[in-house]
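Undergrad: Before I ask anything, here is the structure I am working with.
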Amino acid sequence: MLTDVLMLEAVAEGKCIAKIDDKVLFVPFTAPEDIVDVEVGRQKRNYMEGRVLRIKEPSKKRIEPRCKHFGVCGGCKWQHLKYDEQLKFKQKQVRDQLERIGKVELPESENILGSPEIFFFRNKLEYTFAPRKWFVNPLADGEEPAIEDVAALGFHLPGRFDKILDIEYCYLQPELSNDIRLFVKQYALQNGYGFYDARRPNRQNGQDEPNISVNTTTDGETSRDTPDRQSKDFSLRNMIIRNVGENFMVIIVVSKHDKEAIGNMLNAIAEKFPQVTSLYYIVNDKVNDSIGDLEAIHYSGEKCLTAEMPTFGDANQKLKFHISPKSFYQTNSTQAYHLYSIAAEMASLKNDDVVYDLYTGTGTIALFVARSVKKVVGIEYVEEAIKDATVNARDNSIDNVDFFYGDMAKVLTDEFVEKNGHPNVIITDPPREGMHLSVVEMLLRIAPERIVYISCNAATQARDLERLSEKYKVVRHRAVDMFPHTAHVESVCLLVRI
Ligand SMILES: C[S@@+](CC[C@H](N)C(=O)[O-])C[C@H]1O[C@@H](n2cnc3c(N)ncnc32)[C@H](O)[C@@H]1O
């Protein structure tokens, strides 16, 4: 054990570091300037990891975390830091990464834009069912958990596919999300529904003795196996809740197509919550949880939710976006508008501009800027997202946007540019991996006057900026916080051709 350790600064993944001799010590759930006692875990040549045992002197940067799951749940690792401290950390982290990895000359960063709402700001959450609940404070020996306490519906513990933290209350999505989750869990328990077992996906009734056993793991926590509640091979796997304002969509993912069982549950949800305007289910009989390749089956209500956003440059003119069950939509709706406004404003759009919106998703940025420019081209590799984008363009009576789907590296070619018009502005918003080298090379060949690069991962953005520095100079930079209480942050750069 290390005593009276002074935590120095916040680093990625919600941890803080201290210096112990010549080693760096990483401790989660601490704050810069905390003085703590630490139990040391994994040790490597130049760093070690620890777990806080006692906070001897709390830092002034701390605030009481609001959530009872804080400290275990992987969702909001910075909830114990005052929000302005979180923002300072994010601004510094982005800047450090751009300078250290990109090694490009940067202008002074503009002030990070904080999220107007720091609780209940998400419009989508995905919960997982599990037949055993993770007990953070182990039960006393011999103590049996009540049956209704055993199954879980909540979030994965960080990095674990099989450990589910049962969530009693979450502050991320509006209140009704909690009510729906608790109702669904209760309904499932009362009606004998199976809770999917990720450790034993093929387990059938009767294979195991129906008793309660205790598993102790290396990290000292325990879980208790329930009496087998898998009803044949039908079980509940995941639940996705999306909302636009007061309207909610519920998507239940099950392991087998049992229309009666799933229908009864969806009917019960619809009856209890009139705010749930759209109900879907997905049958996933694969081992992994990904649903990208599976059909979302419409059960009842509306087929999609409809979000509204003001158009760039004309707040009175509203854009409508249809959100279908699997389509991407920025999860912090209010802040998405601010992020897009910053990007569009940096692009200094003019009436005769031809704009390419790379990695367009459901075309939100393309449609947001379309009325300010001559033409927009959006490219994205999810076919369904491009279908949504096309419907969104039609429903908003926007006819100067063309959408294409396919892998960016294959779609964005010389012939494509020749056919669809040479862009003088490119807005690019790639996934965390950043842009493929061949896409960066293509950007250098196209050489638009301005590039606005939006990124959710400053490390890969830095790498791409360095590659682009052969022809481009970064003239503006601003970070935007879409995800309070996490270490995630969006970084927006304006590049102009040298
Ligand atoms: C960060 S999201 C941006 C979405 C959009 N700009 C928005 O704000 O809603 C990145 C998008 O890139 C798409 N994508 C990822 N890899 C791609 C690739 N190789 N080619 C084309 N699109 C890709 C993803 O499907 C996703 O929609």
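Quick note: the coordinates plus some simple rules give every number you see, no bench work behind them. Note that the structure is predicted; figures quoted are calculated from it, not measured. FYI the Cβ positions are ideal-geometry reconstructions off the backbone, even for glycines, and counts take in every protein chain you see.
Undergrad: Beyond a 27 Å Cα-Cα separation, which of these cross-linked pairs lie in this structure: 185/259; 61/473; 88/374?
TA: 61/473; 88/374
Undergrad: Ok, one more. For segment 440-458 and segment 281-343, compute the distance between their C-alpha centroids and round to whole Å.
TA: 25
Undergrad: Can you compute the modelled spin-label distance between residue 268 and residue 117, with each label point 7 Å from Cα toward Cβ, in nm?
TA: Taking the simple label geometry, residue 268 and residue 117 are separated by 2.9 nm.
Undergrad: What value, in deg cm²/dmol to 500, does the helix sum -39500 (n - 2.57) over DSSP H runs of n ≥ 4 give at 222 nm once divided by the residues of the chain?
TA: -6500 deg cm²/dmol
Undergrad: Right, something else. Once each part is reduced to its C-alpha centroid, what is the distance from segment 354-370 to segment 6-69 in angstrom?
TA: About 42 Å separates the Cα centre of segment 354-370 from the one of segment 6-69.
Undergrad: At a Cα cut-off below 14 Å, give the aspartates and glutamates reachable from residue 60, other chains included and same-chain residues fewer than 8 away excluded.
TA: Cross-link targets: 9, 33, 34, 84, 85.
Undergrad: Please report 338, 69 as a ranked list, fewest other C-beta atoms within 10 angstrom at the top and most at the bottom.
TA: 338, 69
Undergrad: Can you tell me the length gained on complete extension of the stretch residue 175 to residue 13, counting 0.36 nm per residue apart and subtracting the Cα distance?
TA: Stretched out fully, the residue 175 to residue 13 stretch lengthens by 55.6 nm.
Undergrad: List the pairs from 286/387; 15/92; 133/163; 15/133 whose alpha-carbon separation is above 18 Å, in the order I gave them.
TA: 286/387; 15/133
Undergrad: While we're on this one: Sequence-distant or interchain residues sharing an amide H contact under 5 Å with residue 319, placed H: which?
TA: Close amide H contacts, sequence-distant or interchain: 309, 311.
Undergrad: Can you classify the chain as rounded, prolate or oblate using the Cα gyration tensor, where a ≥ b ≥ c are the square roots of its eigenvalues, rounded means a/c under 1.5, and otherwise it's prolate if a/b beats b/c and oblate if not?
TA: Details: a/c = 2.09, a/b = 1.25, b/c = 1.67.
Oblate, because a/c is 1.5 or more while a/b does not exceed b/c.
Undergrad: Can you find, among 36, 392, 305, the residue sitting farthest towards the positive end of the charge dipole of the chain, where Lys and Arg contribute +1 and Asp and Glu -1 at Cβ?
TA: Positive-most Cα among the choices belongs to 36.
Undergrad: Follow-up question, since we're still on this one. Do any of 82/103; 320/375; 124/320; 256/410 go past 25 Å between their Cα atoms, and which?
TA: Beyond 25 Å between Cα atoms: 82/103; 256/410.
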